[in-house]
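Peer 1: I have a structure here, written as structure tokens, and I will follow up with some questions on it.
Throughout, read-outs are computed from the coordinates displayed, never taken from laboratory work. These figures come from a predicted structure and were not determined experimentally. Note that each Cβ is placed from the backbone with ideal geometry, even for glycine, and that neighbours are counted across all protein chains shown.
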Amino acid sequence: MIIEQGNPFLLGCTKQNRSYNFAIEKAAEEITLLIFDSNQTTVLYEIVLNETYKTGNVFACRIAEKGLDRCYYVYRCGKEFYTDPYAKTVTHCENFGEMAQAPFLSRIALEAFDWKGDAPLHIPYEDTILYKMNVRGFTKSCTSHVAHKGTFKGIAEKADYLRKLGITSLELMPAYEFDECNKFPQYRKERIYGGYIDEPSIGKVNYWGYTKGFHFAPKASFCSIAHTKSDYTIEYKKMIRTMHKYGIEVLMEMYFTTESVAFILDCVRYWVRSYHIDGVHLYASAAACEAVATDAVLSDTKIFVEHWEGERGTVKHMANYETGFLKTARRFLKGEENLLGTFVDVVKANPKQSANVNYITNHNGFTLYDLVSYERKHNENNGENNMDGENFNDSWNCGAEGKTRKKKVLELRRRQMKNAFMLLLLSQGTPLILAGDEFKNTQNGNNNPYCIDSETSWLNWKKSEDAADMIQFVRKLIAFRKEHKILHMSEQLYASDRLSCGYPDISYHGSSAWYNAMENYNRHIGILYCTQYAGVPDEEDLLYVVYNMHWEAHELALPKTAENSQWTVKITSGDAKKDVVWKAKKSVCLAPRTVAVLGCKKEKIKKQEPLKE
């Protein structure tokens with residue numbers, strides 16, 4: 001074996017031809033590198049790294065030795081084992097929620113993987129339909145009917161369902177090796193922003209994954225093959241390749257606390273390069289977000305941050321991921337007053353240099369079904385006396401708290417869910433759907449199940465007539481959005497007739513056409529879109545989205561069109577015949593709490609034939 005000073009800039013373990021470079025940052029006088037055999041039981045080599053191998057606080061050595069690819073390594077500092085923060089796999093993490101006593105080793109080299117020409121999809125934000133999920137909870141329930149429940153393979157088994165629904169991009173909650181049981185010794189007592197990592201109580205797990213961990217390694221317990229000695233990262237890569245084959249992107253949430261900017265940048269680059277992910281949602285410092293946003297390697301990778309105002313190149317790859325749309329849409333959905341002005345602003349919001357990710361529900365809050373079924377949180381099972389979770393949810397139970405058999409309440413909830421989907425999918429921003437909302441998944445009023453790994457937090461795929469109806473509605477609505485470019489433009493709509501075609505790109509109407517009645521007591525409005533501004537042929541020249549969130553029926557004026565044109569109902573949250581009533585072609589009357597899209601196609605005027613002699 002040849003051992004010499006290594007490259008301190010290549011942190012982690014890097015294979016270079018017939019040698020291996022080990023580099024780790026550690027404030028110590030010396031550290032010992034332990035190399036285990038492929039069975040993870042016998043130490044083959046102990047290599048003491050002292051000042052000779054140290055540059056600053058980085059120990060680095062290069063080892064020339066055959067047959068180390070399937071071996072494992074770990075460091076020892078004093079009497080404590082220290083797993084490489086750049087570890088690409090981590091052992092003894094195969095069973096979710098279980099503590100391990102053995103040292104956490106990392107595989108020295110990963111197996112070669114044939115990507116078969118795969119590459120990130122680069123779907124523009126305006127064409128993106130996001131779907132957020134917890135990898136384990138998505139298919140862990142027996143109702144999912146997949147062979148590999150709670151795993152990356154389970155997601156791949158649902159690829160056809162997601163494609164048919166109309167999803168273009170998945171956002172995965174933490175799917176790297178996070179510390180759900182506070183079991184990694186080197187992180188157990190590390191300070192974070194003046195405090196300490198919250199140690200879960202006995203019997204609790206961090207089901208969501210927003211905690212410390214090893215950011216370079218896929219989560220072993222999310223892999224069906226992790227219990228073997230094989231390279232389980234291949235399962236994650238196969239999932240990515242499968243989803244890309246179905247035209248679906250995969251984005252990862254990455255939660256960081258005290259990690260350096262350099263570490264975060266290395267991490268994001270690694271996942272994009274080695275796993276072909278299509279983007280990341282960063283929970284990190286402002287400096288780290290700036291570094292990732294302005295990195296040339298990541299210039300065409302989707303990057304979600306809480307708020308972005310900067311400019312970067314010609315590719316729109318940054319996105320604002322904040323709660324502005326959620327708060328406005330929820331309050332408008334309930335029928336609160338003085339919201340029309342704010343509502344139309346979030347509907348058309350579409351910044352030039354960044355996208356807006358719009359959502360009404362997310363992992364940290366009510367599911368959509370619970371949003372229309374509960375006015376109060378019910379987090380008793382979390383073991384914190386219902387003190388955790390958001391208290392102000394802008395929710396409404398439609399007349400009964402929780403489970404009920406009242407038909408009027410159930411019908412109203414169903415309509416409110418459809419209204420919510422229409423508010424979301426008919427807005428200009430990039431829509432995000434919380435997994436399971438499309439089939440009325442419930443958490444029984446729990447708005448913060450971060451520590452619950454059970455049927456409460458797992459999606460319930462149980463079939464019902466109501467669930468099937470909601471899935472069909474969401475599928476139809478997504479398809480409608482995709483078919484009409486004017487509903488998902490790449491640039492801001494200006495509310496002006498810049499094409500001199502007689503109609504502005506977007507306009508607002510009330511009881512009188514062309515007058516946007518924004519009085520505080522109004523809860524109804526019509527938004528007219530002229531499809532000519534989309535630059536592509538549409539079935540309709542005009543789309544008129546009419547909203548009535550009041551508990552009373554209201555009339556909205558119909559903008560004047562050609563005499564030979566006719567308005568028709570394209571899609572509605574209610575009954576097209578009963579809840580959308582025409583009033584002499586001058587106005588339309590909407591039933592209480594109803595949204596509808598009307599379409600108008602101008603008939604072509606026939607050319608007059610020349611007179612015969």
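Peer 1: Kyte-Doolittle mean at least -0.5 and Cα extent at least 20 Å along the axis: which DSSP H helices of the chain qualify? Present the calculation step by step, with values, prior to reporting the outcome.
Peer 2: Details: long enough: 261-275 (21 Å, 0.75); 407-425 (27 Å, -0.22); 465-483 (27 Å, -0.23).
Qualifying helices, which must be both long enough and hydrophobic enough, are 261-275, 407-425, 465-483.
Peer 1: Another question, if that's okay. Just order 550-560, 438-448 by mean Cβ neighbour count inside 10 Å, highest at the front, would you? It would help to have the intermediate numbers written out before the result.
Peer 2: Numbers: 550-560: 16.9, 438-448: 21.7.
Ranked by mean Cβ neighbours within 10 Å, highest first: 438-448, 550-560.
Peer 1: Which FRET efficiency value, to the nearest 0.05, is calculated for ARG76 and GLU51 with the Förster distance at 25 angstrom and r the Cβ-Cβ distance? Before the final figure, lay out each step's value.
Peer 2: Values: r = 17 Å, r/R0 = 0.69.
That pair, ARG76 with GLU51, gives E of 0.90.
Peer 1: Around ALA495, which amide H atoms from residues at least 5 apart in sequence, or from another chain, sit under 5 Å from its own amide H, with H modelled in the peptide plane?
Peer 2: Result for ALA495 returns ASP505, ILE506.
Peer 1: Run the numbers for GLU65 and GLU375: contour at 0.36 nm per residue of separation, minus the present Cα-Cα distance, in nm. Before the final figure, lay out the partial values.
Peer 2: Working: separation 310, 0.36 × 310 = 111.60 nm, distance 6.42 nm.
Working it through step by step, the gained length comes to 105.2 nm.
Peer 1: How far apart, in nm, are two points set 7 Å out from the Cα along the Cα-to-Cβ line at ARG498 and at HIS122?
Peer 2: According to this spin-label approximation, the distance is 2.5 nm.
Peer 1: Sequence-distant or interchain residues sharing an amide H contact under 5 Å with ASN460, placed H: which?
Peer 2: THR442
Peer 1: How high is the relative contact order of segment 125-487, in percent, counting Cα pairs under 8 Å that sit 6 or more residues apart? Could you put the intermediate results ahead of the total?
Peer 2: Values: 662 pairs, mean separation 69.2, N = 363.
Answer for segment 125-487 is 19 percent.
Peer 1: Turning to a different aspect of this structure: On each of the three principal axes of the Cα atoms of segment 506-601, give max minus min coordinate, whole Å, ordered largest first.
Peer 2: 37, 28, 22
Peer 1: Across the Cα atoms of segment 1-159, what radius of gyration and what greatest pairwise Cα-Cα distance (Dmax) are found, in Å?
Peer 2: 19.8, 58
Peer 1: Further question: What percent do you get for the relative contact order of segment 506-601 when only Cα pairs under 8 Å and 6+ apart count? Write out the running numbers ahead of the final one.
Peer 2: Details: 210 pairs, mean separation 29.4, N = 96.
Relative contact order for segment 506-601 comes out at 31 percent.
Peer 1: What GluC sites (Glu not before Pro) in segment 2-101 are in a loop by DSSP, with at most 14 other Cβ atoms within 10 Å of the Cβ?
Peer 2: On the way: sites: GLU4, GLU25, GLU29, GLU30, GLU46, GLU51, GLU65, GLU80, GLU94, GLU98; in loops: GLU29, GLU30, GLU65, GLU94, GLU98.
Listed in order of number, the matching sites are GLU29, GLU98.
Peer 1: For segment 125-487, what number results from the quotient of the Cα radius of gyration and 2.2 N^0.38 Å?
Peer 2: Details: Rg = 20.0 Å, N = 363, 2.2 N^0.38 = 20.7 Å.
My calculation over the Cα atoms of segment 125-487 gives 0.97.
Peer 1: Here is the link list: LYS149/LYS229; LYS334/LYS408; LYS212/LYS463; LYS164/LYS204; LYS149/LYS212; LYS406/LYS440. Which ones come out longer than 27 Å on Cα distance? Mind dumping the intermediate values first?
Peer 2: Values: LYS149/LYS229 20 Å; LYS334/LYS408 16 Å; LYS212/LYS463 37 Å; LYS164/LYS204 37 Å; LYS149/LYS212 25 Å; LYS406/LYS440 17 Å.
Those over the limit are LYS212/LYS463; LYS164/LYS204.
Peer 1: Per Stokes-Einstein, at 37 °C and 0.692 mPa s, what whole-number D in µm² s⁻¹ belongs to segment 259-386, with the Kirkwood radius over Cα pairs as the hydrodynamic radius?
Peer 2: Value of D from the Cα-based Kirkwood radius: 193 µm²/s.
Peer 1: Note down the nm distance, to one decimal, between modelled labels 7 Å out along Cα→Cβ at HIS92 and at GLU111.
Peer 2: Each label point is offset 7 Å from its Cα along the Cβ direction, giving 2.4 nm.
Peer 1: Ok, one more. Would you calculate a helix-derived [θ] at 222 nm for the chain, using -39,500 (n - 2.57) for each DSSP H run of n ≥ 4 and dividing by the full residue count, to the nearest 500?
Peer 2: Values: 12 runs with 120 residues, N = 613.
Computed ellipticity for the chain at 222 nm equals -5500 deg cm²/dmol.
Peer 1: First measure r as the distance between the Cβ atoms of HIS307 and ALA287, then evaluate 1/(1 + (r/R0)^6) with R0 = 22 Å and state the FRET efficiency to the nearest 0.05.
Peer 2: Values: r = 14 Å, r/R0 = 0.66.
Calculated value: 0.95.
Peer 1: Using Cα-Cα distances under 8 Å and only pairs 6 or more residues apart, what relative contact order does the chain have, in percent? Spell out each step's value before the answer.
Peer 2: Details: 1301 pairs, mean separation 62.9, N = 613.
Relative contact order, the chain: 10 percent.
Peer 1: Between GLU337 and GLU519, what length in nm is gained on full extension when 0.36 nm per residue of separation is reduced by their alpha carbon distance? Intermediate values should be presented prior to the final figure.
Peer 2: Working: separation 182, 0.36 × 182 = 65.52 nm, distance 0.88 nm.
Between GLU337 and GLU519, full extension yields 64.6 nm more.
Peer 1: How about segment 49-143: which trypsin sites (Lys or Arg not before Pro) there lie in a loop by DSSP and see at most 12 other Cβ atoms within 10 Å?
Peer 2: Working: sites: LYS54, ARG62, LYS66, ARG70, ARG76, LYS79, LYS88, ARG107, LYS116, LYS132, ARG136, LYS140; in loops: LYS66, ARG70, LYS79, LYS88, LYS116, LYS140.
Answer in residue order: LYS66, LYS79, LYS116.
Peer 1: How high is the FRET efficiency from ALA584 to SER299, r the C-beta distance, R0 35 Å, rounded to 0.05? Working shown, then result.
Peer 2: Working: r = 55 Å, r/R0 = 1.58.
Computed FRET efficiency for ALA584 and SER299: 0.05.
Peer 1: Taking θ = phi - 60°, what integer Hz values does the Karplus form 6.51 cos²θ - 1.76 cosθ + 1.60 yield along segment 35-41, in sequence order, with x for Gly and Pro?
Peer 2: So the J values, rounded to whole Hz, are 10, 9, 6, 5, 8, 6, 10.
Peer 1: Now a separate question. Determine the gain in length on full extension of the stretch ASN7-SER511; use 0.36 nm per residue of separation and subtract their C-alpha separation, reporting nm with one decimal.
Peer 2: Values: separation 504, 0.36 × 504 = 181.44 nm, distance 7.17 nm.
Length difference between fully extended and current span is 174.3 nm.
Peer 1: Here is a further query. Would you please classify the overall shape of segment 2-82 from the alpha carbon gyration tensor, given that a ≥ b ≥ c denote the square roots of the eigenvalues, rounded means a/c under 1.5, and beyond that prolate means a/b larger than b/c while oblate covers the rest?
Peer 2: On the way: a/c = 1.98, a/b = 1.19, b/c = 1.66.
Note, shape of segment 2-82 comes out oblate.
Peer 1: Any idea what the alpha-carbon Rg over 2.2 N^0.38 Å comes to for the chain?
Peer 2: Numbers: Rg = 27.6 Å, N = 613, 2.2 N^0.38 = 25.2 Å.
That works out to 1.09 for the chain.
Peer 1: List the residues whose amide H sits under 5 Å from the amide H of TRP115, counting only those 5 or more places along or on another chain, with H placed 1.01 Å from N in the peptide plane.
Peer 2: Residues meeting the criterion, in which the H sits 1.01 Å from N, do not exist here.
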